[in-house]
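Worksheet: the structure to be examined is printed underneath.
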Amino acid sequence: MSSNICRSKGNFTYKNIEDLENDIKKLNLDIKISSNFELFKKKLVIDNHIIPNALATHPMEGGDSDEYGSPTELTYRKYEKIARGGAGLIWLEAVSVTKEGRSNDRQLWITEDNWKAFRKLNDLIKKSAKEEFGEAFQPKTIIQLNHSGRYCKANGERNPIIATHKKILDDKIGISQEHPIVTDEYLDSIILKFVEAARLSKKAGFDGIDIKACHGYLLSELLSAYNRDGKYGGSFENRTKLMLDIIEKIKEDKDCEDLLLSSRLNIYDAVPYPDGWGVSKTGGLDIDLEEPKKLIKLLAQKGVRLISITMGNPYFIPHINKPYDIGGYIPEEEVILSCNRLIKGIGEIQKSIPQVNIVGVGYSWFREFASYVGAGSLEKGLCRIVGFGRESIAYPEFARDILENGEMKSNKVCVSCSKCSEMKAKIGTCGCVVRDSKVYVPIYQDMKNREVNKSEQGCCS
Ligand SMILES: Cc1cc2nc3c(=O)[nH]c(=O)nc-3n(C[C@H](O)[C@H](O)[C@H](O)COP(=O)(O)O)c2cc1C
Ligand code: SF4
């Protein structure tokens, strides 16, 4: 790695956009820079849906539901702030489609008993956006439907539901090789769960649903279930079958009519073959987009015209999907290279499959310069919408500042400190500890105190 670049590992030291541009040139990266922020004002029309600008908030699981999966005051508060921020596409966090599929006891879960609470959440988003930006402003809302698969938890304990053994991932979270894999009948039953959740989402007023297939959760795991027997494992057709069947059923369901069909999809797991998807079959971690492209074309044929692309597995190599400065470990590679991987790979998909509209990721780490990088991606056709994950909880009004003032403020941006991720991993409930400190520092501190108490008890016993 060049020692002449402007920043050292783990410390963001760009003082201006020229420093960043110099590094991009020196390192010969695919990241593009543009100051044409007018590009963010472009509407995107998909079927009957108009996304009013080219900025999105990515799903950010807050682990703040009640025990039945309904939103709580903390959930409403987060989405009200996001809605008042001005992004044209608000992509809600992972919402479970079954009780056992929850990632923790406080993950949102939509059911026949609580869909009205989700309607209240969607109404709040729409109403808040209108209050801020006028009657005509209608951001589109997508709800992310998920089954957490191997990362399920129940009663505070891991409760892995796996479709196939993947030793490298099993070992990471202590799944024994004797742990049972789910039957084809169980996977068949999941189809109806997704359809029911989609129907409820439609009743609740969401504009679209996301059939989540990323980050190693159940549908994502199946994409690389090379070693599973039966109809959901082995061939490409079998590994993608469950996801495509779910989409098909939702598409033909009368109660789901007009829903914007979308997916948050991994194109690269960064897990070696045969345990990873989008990875070279010749060994190592090289990217191979042949199968992801084939799947995206099939999804497009089935009417999925909006896809949010991502990479990696946060439980395995976290910096692949969210490039950071401070975290559980400091990655060997420069952070900008992790961002480049995302932006370049997503660009390749957008360019080669123009019939789908791609939401890009990989921008929050660029802090106040992210708007230049995002505009560069739009200008060069690397995606049609620029999405922000951590930024959306650190700086919910980022879109307003870009669209109205042509800048992101350095004192408001996410500093990629990974504290939200640490909270998500340890207690489920999370938010921005740095920029929303009044609410989240006490929760973070309480988590830390409990860790200290636990280790002290451990010493004495
Ligand atoms: C605390 C936390 C929660 C997240 N929850 C979700 C989620 O519910 N669904 C999802 O697809 N991605 C989730 N992500 C990933 C983000 O959507 C996003 O892909 C990632 O943070 C990288 O984007 P960024 O660099 O803009 O933050 C989460 C990330 C973090 C840090
Ligand atoms: S806690 Fe806040 S500043 Fe730190 S990574 Fe998360 S969103 Fe960014």
Aspartates and glutamates whose Cα lies under 16 Å from that of Lys322, excluding same-chain neighbours fewer than 8 positions away: Glu61, Glu93, Asp269, Glu332, Glu333, Glu334, Glu391, Glu422
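What FRET efficiency comes out for Ser437 versus Arg400 if R0 is 25 angstrom and r is the Cβ-Cβ distance? Round to the nearest 0.05.
Numbers: r = 21 Å, r/R0 = 0.85.
E between Ser437 and Arg400, to the nearest 0.05, is 0.75.
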Set of aspartates and glutamates near Lys15 by C-alpha distance (under 17 Å), chain-local residues within fewer than 8 positions excluded: Asp23, Asp325, Glu368, Glu407
Sorted peptide list for 407-413, 135-141, criterion being average Cβ within 10 angstrom, highest first: 135-141, 407-413
Quarter of Cα convex hull surface for the stretch 69-188, i.e. mean projection, nm²: 9.2
Positive-pole candidate from Ser176, Ala198, Ile161, dipole of the stretch 142-206, charges at beta carbon: Ala198
Label point distance in nm, Asp123-Ala425, each placed 7 Å from Cα along Cα→Cβ: 4.0
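Can you give me the Rg/Rh ratio for the stretch 20-419, using Cα atoms for both radii and the Kirkwood formula for Rh?
On the way: Rg = 19.7 Å, Rh = 21.0 Å.
My calculation puts Rg/Rh at 0.94.
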Area accessible to solvent at Phe37, 1.4 Å probe radius, in Å²: 30
Estimated vicinal HN-Hα couplings, Hz - the stretch 263-275 in sequence order (Karplus 6.51, -1.76, 1.60; Gly, Pro = x): 8, 9, 10, 6, 10, 7, 8, 6, 10, x, 4, x, 9
Long pairs among Lys380/Lys424; Lys212/Lys281; Lys281/Lys351, criterion Cα-Cα beyond 30 Å: Lys380/Lys424
Built amide H within the under 5 Å cut-off of Ala94, gap 5+: Met60, Glu61
Sequence-distant residues sharing a close amide H with Arg305 (under 5 Å, placed H): Leu261
The chain, relative contact order in percent, only Cα pairs under 8 angstrom and at least six apart counted: 17
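What FRET efficiency, computed as 1/(1 + (r/R0)^6) with R0 = 35 Å and r the Cβ-Cβ distance, is obtained for Asn28 and Leu285, rounded to the nearest 0.05? Spell out each step's value before the answer.
Values: r = 20 Å, r/R0 = 0.58.
Rounded to the nearest 0.05, the efficiency is 0.95.
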Over 24 Å between alpha carbons, listed pairs Lys251/Lys297; Lys130/Lys249; Lys193/Lys419; Lys127/Lys193: Lys130/Lys249; Lys193/Lys419; Lys127/Lys193
FRET efficiency, Tyr186 to Lys412 (Cβ-Cβ, R0 41 Å, nearest 0.05): 0.35
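In Å², and per residue, what accessible area does the chain have when probed at 1.4 Å with the other protein chains present?
Values: 18320 Å² over 461 residues.
With all protein chains present, the chain gives 40 Å² per residue.
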GluC sites (Glu not before Pro) lying in DSSP loop within the stretch 7-49, provided at most 13 other Cβ fall within 10 Å: none
Coil-residue GluC sites (Glu not before Pro) of the stretch 208-309, DSSP, other Cβ within 10 Å capped at 13: Glu257
Paramagnetic label zone (point 7 Å from Cα along Cα-to-C-beta, Asp47; backbone N under 13 Å) in the stretch 247-290: 247-263
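What are the trypsin sites (Lys or Arg not before Pro) within the stretch 28-88 that DSSP puts in a loop, where the Cβ has at most 15 other Cβ atoms within 10 Å? Intermediate results must be reported in sequence, preceding the final value.
On the way: sites: Lys32, Lys41, Lys42, Lys43, Arg77, Lys78, Lys81, Arg84; in loops: Lys32, Lys42, Lys43, Arg84.
Taking the stretch 28-88 and a limit of 15 other Cβ atoms within 10 Å, the loop trypsin sites (Lys or Arg not before Pro) found are Lys42, Lys43.
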Accessible surface of the chain, 1.4 Å probe, proportion on carbon and sulfur as whole %: 49
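The values are calculated or read from the model by the stated rules, or taken from the named source; none is laboratory data. Computed from a prediction, not measured in an experiment: that's the story for all the values here. Note that we place each Cβ from the backbone using ideal geometry, even for glycine, and neighbour counts take in every protein chain shown. These area figures cover heavy atoms from the full protein model, side chains too; ligands, DNA and RNA do not enter into them. Shrake-Rupley method; radii C 1.70, N 1.55, O 1.52, S 1.80 Å.
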